[in-house]
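Worksheet: the structure to be examined is printed underneath.
The values are calculated or read from the model by the stated rules, or taken from the named source; none is laboratory data. Just so we're clear, the structure is a prediction, and the values are computed from it rather than from any experiment. Neighbour counts run over all protein chains shown; Cβ positions are idealised from the backbone, glycine included. Only protein heavy atoms, including side chains, enter the accessible area calculation; ligands, DNA and RNA are left aside. Shrake-Rupley method; radii C 1.70, N 1.55, O 1.52, S 1.80 Å.
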Amino acid sequence: MQIQANPDQALPELVPQGWSRRFTMPLFRHGTQVRHAGRWETVDYVKLRRLELVVYLVGHSDPVATRELELSPLLFTTERVPTVENLGYSHGL
């Protein structure tokens, strides 16, 4: 018995459990507006301290753990996205 592959039929991609092509997560960076203790604050800078990400807010000297901040998550992808240079467009500069 022979099995003939159908080239038009795509094989399912093997993706580890819990992974996907897209995911959401908050992005803390300078200038981002976040809610802390019911008030809107602005991120000054972010630091990795003792294997934990902490956020420093404008006007505050103490760092804040990310779990204490509210921020809408952004959508990220693990797929390659072609850049403008690879699409063949000219910059027109």
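Would you mention how many residues in region 71-83 are part of a strand (DSSP E or B) and surrounded by 11 or more Cβ atoms within 10 Å (Cβ to Cβ)?
Taking region 71-83 first, the residues part of a strand (DSSP E or B) are 74-77.
Subset that is surrounded by 11 or more Cβ atoms within 10 Å (Cβ to Cβ): 76.
The qualifying residues number 1.
Which residue pairs have Cβ atoms under 6 Å apart, sit 6 or more places apart or on different chains, and have a first residue in region 27-38 that is more than 15 Å from Tyr56 (Cβ to Cβ) and modelled with pLDDT under 95 and a second that is assigned to a strand (DSSP E or B) and open to solvent by 40 Å² or more (accessible area, probe 1.4 Å)?
Leu27/Leu74
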